[in-house]
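**Q** Provided herewith is a single structure, encoded as structure tokens, for subsequent inquiry.
The values are calculated or read from the model by the stated rules, or taken from the named source; none is laboratory data. These figures come from a predicted structure and were not determined experimentally. Ideal geometry is used to build each Cβ from the backbone, glycine not excepted, and the neighbour counts take in all protein chains shown.
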Amino acid sequence: MDFNFSISNFTRTIRANYTQKQTMTELVKTKYKSNALPHIQPIGATFFVTFRLFDTLPKSYLNKFKEDRNLKIAFLKREKPIGYQNKIANEQKKYFKIYDEALDKMHNNIRFLEHPNIAKETIKQLHKYDGKWYDLIAYCIMPNHVHFLIDTRLQLEKFNFDDEVIIKNYTPLYKIIQRIKGASARHSNLLLDREGISFWQRDYFDYFIRNNQEFQRIMAYILENPVKANLVKNWEDFPHSYVKMVGEN
């Protein structure tokens with residue numbers, strides 16, 4: 001497939017539409033934090049998100065890489081060398097690569113999402129808010145984790161870029177993820193005849209897309225993930241992948 005999608009079809013930068021004020025700047029970082037680092041979630045951005053099933057990776061394995069990442073990021077924030085923000089983003093990318101490759105290679109019994117009925121519960125929740133809180137661009141439901149790409153710009157189009165209205169009515173990414181994970185976990189545990197057991201790992205990875213090059217790369221990454229994990233030979237053959245075509249509602 002040709003991955004030559006244009007980010008202009010899905011997202012735009014708020015600064016191009018009005019002058020940012022201090023209230024808007026404060027929204028760039030949400031109040032939600034995990035792993036001692038804030039999730040950087042600009043309003044109206046396009047986001048790549050990954051979350052995984054509970055207890056799919058040993059904490060000891062991740063912690064050794066996480067500690068190294070946190071130390072490097074803390075140094076960059078403290079010293080602020082030229083281009084330090086891009087360097088911080090690169091450290092996050094390095095950690096994510098380790099994280100995702102480990103998930104693809106993990107062959108244990110925590111693979112609930114390979115069961116069609118369980119995967120459908122997550123798919124149902126992803127589509128539920130498509131057109132309301134975001135445009136659902138693409139996703140891939142792997143056996144033990146989920147990748148998806150959404151654009152939250154549509155929430156801004158009805159607010160006329162009024163700071164106070166946006167602050168009051170905008171649904172940020174972390175709340176969107178809470179809704180998706182919460183409902184899919186409840187329904188999936190019912191299907192599995194489980195009660196009082198965590199379905200999803202609490203934390204998640206999110207990254208906001210800076211430019212069209214990143215958009216193209218991440219789109220391809222999501223759709224090719226089952227191929228890379230040797231689940232299928234062609235991404236189109238994987239039953240739990242999706243990409244929104246131009247013109248699709």
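**Q** Please go through the stretch 52-110 and pick out each residue that is among the small types (Gly, Ala, Ser) and out of contact with any Leu (no Cβ under 9 Å at 6 or more places or on another chain).
**A** Ser60, Ala74, Gly83, Ala89
**Q** If you scan the stretch 198-215, which residues turn out to be of a type in the set (Phe, Trp, Tyr) and either surrounded by fewer than 17 Cβ atoms within 10 Å (Cβ to Cβ) or not assigned by TED's automatic domain parsing to the domain that holds Glu121 (or both)?
**A** Once the filter is applied, which keeps residues that are of a type in the set (Phe, Trp, Tyr) and either surrounded by fewer than 17 Cβ atoms within 10 Å (Cβ to Cβ) or not assigned by TED's automatic domain parsing to the domain that holds Glu121 (or both), the stretch 198-215 yields nothing.
**Q** Scan the stretch 232-249 residue by residue and report those that are more than 15 Å from Asp151 (Cβ to Cβ), crowded, with 19+ Cβ neighbours inside 10 Å and not aromatic (Phe, Trp, Tyr).
**A** Across the stretch 232-249, the qualifying residues are His240, Ser241.
**Q** Does the stretch 96-113 contain any residue that is farther than 22 Å from Val243 by Cα and β-branched (Val, Ile, Thr)?
**A** Yes: the stretch 96-113 contains one or more residues that are farther than 22 Å from Val243 by Cα and β-branched (Val, Ile, Thr).
**Q** I'm trying to understand the selection: among the residues of the stretch 73-127, which are under 30 Å from Asp193 (Cβ atoms), out of contact with any Phe, Trp or Tyr (no Cβ under 9 Å at 6 or more places or on another chain) and not in a loop (DSSP other than H, G, I, E, B)?
**A** Once the filter is applied, which keeps residues that are under 30 Å from Asp193 (Cβ atoms), out of contact with any Phe, Trp or Tyr (no Cβ under 9 Å at 6 or more places or on another chain) and not in a loop (DSSP other than H, G, I, E, B), the stretch 73-127 yields Leu103, Asp104, Lys105, Leu113, Glu114, Pro116, Asn117, Lys120, Glu121, Lys124, Gln125.
**Q** Being touching a strand residue (DSSP E or B) at 6+ places or on another chain (Cβ under 9 Å), more than 26 Å from Lys94 (Cα to Cα) and in a strand (DSSP E or B), is that true of even one residue in the stretch 153-169?
**A** no
**Q** Within the stretch 116-127, which residues are touching a residue at least 12 places away in the same chain (Cβ under 8 Å) and either exposed (fewer than 15 other Cβ atoms within 10 Å of the Cβ) or over 15 Å from the mean Cα position of the chain (by Cα) (or both)?
**A** Pro116, Asn117, Ile118, Ala119, Glu121, Lys124, listed by residue number.
**Q** Looking only at residues in the stretch 47-62 that are of a type in the set (S, T, N, Q) and within 19 Å of the chain's Cα centre (by Cα), which one is nearest to Tyr174 (Cα to Cα)?
**A** Residue satisfying both the conditions and the ranking: Thr50.
**Q** So, one more: So which residues in the stretch 189-206 are touching a helix residue (DSSP H, G or I) at 6+ places or on another chain (Cβ under 7 Å), within 16 Å of Leu173 (Cβ to Cβ) and not acidic (Asp, Glu), if there are any at all?
**A** Of everything in the stretch 189-206, those that are touching a helix residue (DSSP H, G or I) at 6+ places or on another chain (Cβ under 7 Å), within 16 Å of Leu173 (Cβ to Cβ) and not acidic (Asp, Glu) turn out to be Trp200, Tyr204, Phe205.
**Q** Inside the stretch 44-60, can you point out the residues that are touching a helix residue (DSSP H, G or I) at 6+ places or on another chain (Cβ under 7 Å) and either more than 17 Å from Phe205 (Cα to Cα) or free of Cβ contacts under 8 Å to residues at least 12 places away in the same chain (or both)?
**A** Gly44
**Q** Identify, please: which residue in the stretch 157-197 is among the hydroxyl-bearing types (Ser, Thr, Tyr) and at pLDDT 95 or above and is, among those, farthest from Asn117 (Cα to Cα)?
**A** Across the stretch 157-197, the extreme among qualifying residues is Ser184.
**Q** Looking at Glu224, Glu195, can you tell me which residue is in the same structural domain as Tyr129 (by TED's automatic domain parsing), without any contact (Cβ under 8 Å) to a residue 12 or more places away in the chain and not in a loop (DSSP other than H, G, I, E, B)?
**A** Glu224
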